[in-house]
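The block underneath contains the structure these notes are about, expressed in structure tokens.
The values are calculated or read from the model by the stated rules, or taken from the named source; none is laboratory data. The structure displayed is predicted, hence computed values, not measured ones. With ideal geometry, Cβ positions are generated from the backbone for all residues, glycine too; neighbour counts draw on all protein chains shown. Keep in mind that these areas ignore ligands, DNA and RNA; they rest on the heavy atoms of the full protein, side chains included. Shrake-Rupley method; radii C 1.70, N 1.55, O 1.52, S 1.80 Å.
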Amino acid sequence: MEPEVNNNNKKSLTADESPDEEVSFSRVTAVATGWMLDFMFVSLCRRFKQGKFEEFNETLSTLQAICEEGDHDEKTIICAFLARVMHGKQLDVQFEDDDRVMPLMSAAKLWSKLEHTVADESLFKNITILLLVQSVSVCLEKGQRSHASSALKWFEKNDFPKKLIVKLTTIVTERETYHPFLMSFSFSRLLETINSYLDAYLEKNPSDYILKAATKMAQSSQNIEDLEDEVTQDGSLSEEAKKTTEDRKDKNKAVSLRTKRKLLSTEIPEEWQTDSSKKPFVSVKRMSKIELSGVTSGTSVDTTMMQKARKRPQKWTYQLDQYLKIGVKRHGQGKWSHMLMDFDFEGRTGTMLKDRWRVLTKANKVG
């Protein structure tokens, strides 16, 4: 007669123990964190490509929360680069100790560290030029000529293309805010080119392990739910539906196990060492200095604090009408979101631009 098993004597797995004594819990934690960082990286890239500012900041905040201090691998640097470009038109947002360094200037600095991630040399060069041009163009659009001159001096000091700096210096001196050269290297073109870089990078480095596993799980769950809805008139599942449901559950379990084994073999990325002992940070004027994303250290903060308070739209000025006319001429009627990227419409939305264009058209002022 077999002795009774006392369930109370069964030892449960504690948080300090591992299901496999040969694998330390810290190792398992590192692998799981790597999966989460990969998932957040792909999510951040998608938010950037979609141009969703608020969602981008929320994802960035989550990424920061799970990033370890001093963790500066390749993908973290790309995330920091995207954050600076996303805030490129906000001149009062800082990412460096030097308050003269504006977001796009800081982005250009990080971009120079990512050259090894770009297979197409011409693509790397194009983005470098666009960052330099837009660092100056954004200042001129906002009437900050002194900031534009300061940016050019900073770029010259940091060994960026000399000929381009000379050309931009002439444009700044002559105060040509809408010079054809600036228009040909617009902010929207910068975003499009960076999107091409992200497409190529993600194709080479998918980082979609969790995404694929979650997609398969969601699809399997949905199929099971659909089958369970196929009931007979007396309220029970048909024999065929039952058999299919069981088969799908077994298949789903097998997929989950295969995915798990594959993911646990993933290597932990090596840490990236900074060139300088200085630790960059993010701050906003008239606010205490705060830290942002994987290139910063210390406590994490909600990046939504960085968003400028939206201005209440004032009366349409002659200058704003000019922006609108130039935008329609450049992009075509209906491309309001592109125009919002090119010019500062003082908090107006695409719908407001469309309504204003209708007013100008009726008044025959679009010629």
Could you work out the Rg to Rh ratio of the stretch 100-217, with Rh taken as the Kirkwood radius (inverse of the mean 1/r over all Cα pairs)?
1.09
Show me the ranking of peptides 344-350, 210-216, 200-206 by mean Cβ neighbours inside 10 Å, starting with the highest.
344-350, 210-216, 200-206
Give me the net charge of Phe81's neighbourhood, meaning all other residues with Cβ under 15 Å from the Cβ of Phe81; Lys, Arg count +1, Asp, Glu -1.
+2
Scalar couplings 3J(HN,Hα) for the stretch 153-161 by Karplus 6.51 cos²θ - 1.76 cosθ + 1.60 (θ = phi - 60°), nearest whole Hz, x for Gly and Pro, are 5, 5, 5, 5, 5, 9, 6, 8, x
Place the peptides 51-60, 128-137, 23-32, 164-173 in order of packing, highest mean first, counting for every residue the other Cβ atoms within 10 Å and averaging per peptide.
128-137, 51-60, 164-173, 23-32
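If you roll a 1.4 angstrom probe over the protein chains with everything in place, what fraction of the accessible area of the stretch 83-214 belongs to carbon and sulfur, to the nearest %?
51 percent
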For Leu123 and Ile326, calculate 0.36 nm times their separation in residues minus their Cα-Cα distance, and state this gained length in nm to one decimal.
70.4 nm
Simple spin-label estimate for Gln90 and Arg46 in nanometres, 7 Å along Cα-Cβ:
2.3 nm
Count of lysine pairs, the stretch 47-150, Cα-Cα under 15 Å, sep. 8 or more residues or interchain, comes to 5
Run the quick spin-label model on Gln333 and Glu54: label points 7 Å from Cα toward the beta carbon, then report their separation in nm to one decimal.
3.1 nm
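Order the peptides 352-360, 115-123 from the highest to the lowest mean number of other Cβ atoms within 10 Å of their residues.
Put in order of decreasing packing, that is 352-360, 115-123.
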Can you pull the one-decimal nm distance between simple spin-label points at Arg27 and Ala65, each 7 Å off the Cα toward Cβ?
3.0 nm
FRET efficiency (Gln222, Asp199; Cβ distance; R0 25 Å; to 0.05) is 0.30
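Over the stretch 112-233, what is the relative contact order in percent, taking alpha-carbon pairs closer than 8 angstrom and at least six residues apart?
28 percent
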